[in-house]
Structure formats: C-alpha cells, structure tokens
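Worksheet for the structure shown next.
The values are calculated or read from the model by the stated rules, or taken from the named source; none is laboratory data. Quick caveat: nothing in here was measured; it's all calculated off a predicted structure. As a convention, Cβ positions derive from the backbone with ideal geometry for all residues, glycine included, and neighbour counts pool all protein chains shown.
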Amino acid sequence: MLSRRVLITQPIPEPGPTMVAELADTVDANLEHRVLAPGELRARVAGVDAILCLLTDAIDAAVLEAARGCRVVANMAVGYNNIDVPTATRLGIMVTNTPGVLTEATADLTMTLLLGTARRVAEGDRVMRADAFPGWGPLYMLGGDVTGRVLGLVGPGRIATAVARRALGFEMTILYHGLHASPELDALGARSVGFEELLAASDFVSLHVPLTAATKHLINARTLALMKPTAYLINTSRGPVVDESALAAALRSGVIAGAGLDVYEREPRIAPELAACENTLLLPHLGSATHATRAAMSRAAARNLTAVLRGEEPPDLVNPEVLLAPRRGD
Ligand code: DGY
C-alpha cells in the first residue's frame, strides 16, 4: 500500500483540501497566507508523497532533491514554469497542472485589458477619483478603437482561441503565431503568420505563450519597435516574456500606444518606471481570479494528486516520460 503524506503549500479554496484529506494519511497544510521561504519549503517536503503547490512556489532542483521519494507535484495552475520539470522527471516525480479550467476566465480578463487599455479606463478612473475631470471635450482623453481592428495572438493555445472567439464579437481580424498551426483558430477564420509580420500588422498584440528559455524577453526593445505606434500590448501569460524596462521605454517614447498587463517580470514587484507610465492598465495577476475558476483549479489539482496516491495515472501529467523511466527517488 502506498503511503499518503501530502504537503499543501498555501491556503487554497475548496474542494481540493477536502478531496486530499479524504485520501491522505497525513496532510501538512500551510494555513498562513504567505509563500514558504526556500528553507522552510525544503524542510516541509522531506518525506512527503505528494505536494500540492501554487505558481508562486519555486519547486526547484533543491526542493525536489529534498522531496526524494515524492510521487507527484500537483501545481494549481496551468503554467508550470515554477517547477524544474527535467529534475522532477529525473527523480521519477510526476508533475501535473490544471489546463482547461481557467481558459474562459483568463480570456475574459484578456478582453478586459484590451478594452480597458484602448479606452483608457484606468486613467479615466484616476481622473474621477482625483476630482480632476475638466468636463467633456472633443479632444479629451481619446483612445484607440477596438471594433474592426487587427488582433495578433502570440501562442495558439486554448486561451488564445477563447480570446479569438470573443474578438470575433468585436469584428476583429485575427492573426496568430505559434510553432504549429491551430485547427481551432483556423476554423475561426484566424490567419497564421510569422512573428514579425504579426507584430507589424496588429493593433493589439496579445501574449499567450508559456514561459520558457525561448520565450523569455520575446517582447524586447527590438520586437517592440516592430509594432505600430498606435498598437497596444496585452500580457496575461507570464511576466518575463516581456522585458519590462524595454516596455517602459517604449511606452514613454511613443514606440507603442499602451499596454495592459496582468503579469510582471519580478512578481509581485513591478518596475517603477512601468508603474509611472500613464498609458498602462495594470492588474495584479487576476487572470483566473474568479470564485468558480479557482474552485475548479483546486478540484483539478486535487484530482491529479489523488489519482497518483491511488496508483493511477493523473489526468494532467506534463512529464509523461516519467512513466517510462525507473524511479530514482526512492
Ligand atoms: C496559471 O494558472 O498559470 C495562471 O497564471 C493563474 O492565474
């Protein structure tokens, strides 16, 4: 019989904690609303069979080595750049994520940023709160149009496709760029183009790529300069995909018109020069932050974790090659 000791690294919504508690022999749940420091995390993973963690937990090689014998790291997120997957695989540890359940919420927030950035919603709110509205004027606080404009989706995955469906309601022309063609996006009438063509042709560039070595700083001074001066950048993927200093410089000097961001290079911090730019709409990583979506993410993470504890293959395994290799962690 497999042993069932579980660490839940941070407080998460139901039903995940109950699902885990029903199956586990022991649950060590961090109930404090804070990320465990690296040393604490290493100490608390020792001897566990499963870890349920969040995107803010750095599950690096040192943590995984300390967790030798652990069977699964179940991330409550679709992105898993916080986990050293090659090391997990080498140690025979399964890694899972929560795809699908946050697609619609994140696509909704992408549209919120797109509309709010173009129409200067945050700036307008600041004006009203400061009681600084000078009165309606024909040249006052003009923004960009959305309806009928060109949307460029970088990364052709589920969230990009859900954004495309919404953008069709705004009669937008949709371009996309990815390593592979997307039958789903093609079926919506989107056109696959090269990355640089997408940057040059789009009125809105929306990022939907995972963070990898290849996508880090994909948006930098050179690629920003390829965008139209009237264009907007939207990022609901991962902060380090954008070079924040280069973006701030581009926003200040009018290389692009504005940016709507939900994610940051050094979360939870933001580059001060970016925060100083008026032509931004800045949100604190809210893509999946709805009650129903977070419950669904909790359920999906717990379903993955409990499947492994039962000796089954988890539904959302990101390193299936781990099943082929002999376990080295025991
Ligand atoms: C994810 O799941 O990767 C999202 O960033 C959470 O909002």
Unique residue being closer than 25 Å to residue 268 by Cβ, crowded, with 22+ Cβ neighbours inside 10 Å and at pLDDT 95 or above when the list is 31, 64: 64
Filter result (of a type in the set (A, V, I, L, M) and part of a loop (DSSP other than H, G, I, E, B)) within the range 263-304: 263, 270, 271, 276, 283, 286, 289
Among (1) crowded, with 17+ Cβ neighbours inside 10 Å; (2) touching a residue at least 24 places away in the same chain (Cβ under 8 Å); (3) within 15 Å of the ligand (Cβ to nearest atom), the one test that residue 286 misses: (1)
Any chance residue 298 is buried (at least 21 other Cβ atoms within 10 Å of the Cβ), small (Gly, Ala, Ser) and either without any contact (Cβ under 8 Å) to a residue 24 or more places away in the chain or more than 28 Å from residue 10 (Cα to Cα) (or both): no
Evaluation of residue 330 against (1) assigned by TED's automatic domain parsing to the domain that holds residue 96; (2) modelled with pLDDT under 95 (one fails), failing number: (1)
Any chance residue 244 is surrounded by 16 or more Cβ atoms within 10 Å (Cβ to Cβ), of a type in the set (Asp, Glu), within 16 Å of the ligand (Cβ to nearest atom) and on the phi < 0 side of the Ramachandran plot: no
Close pairs from the range 124-150: first free of Cβ contacts under 8 Å to residues at least 12 places away in the same chain, partner among the hydrophobic types (A, V, I, L, M, F, W, C), Cβ under 7 Å, at least 6 apart: 133/127
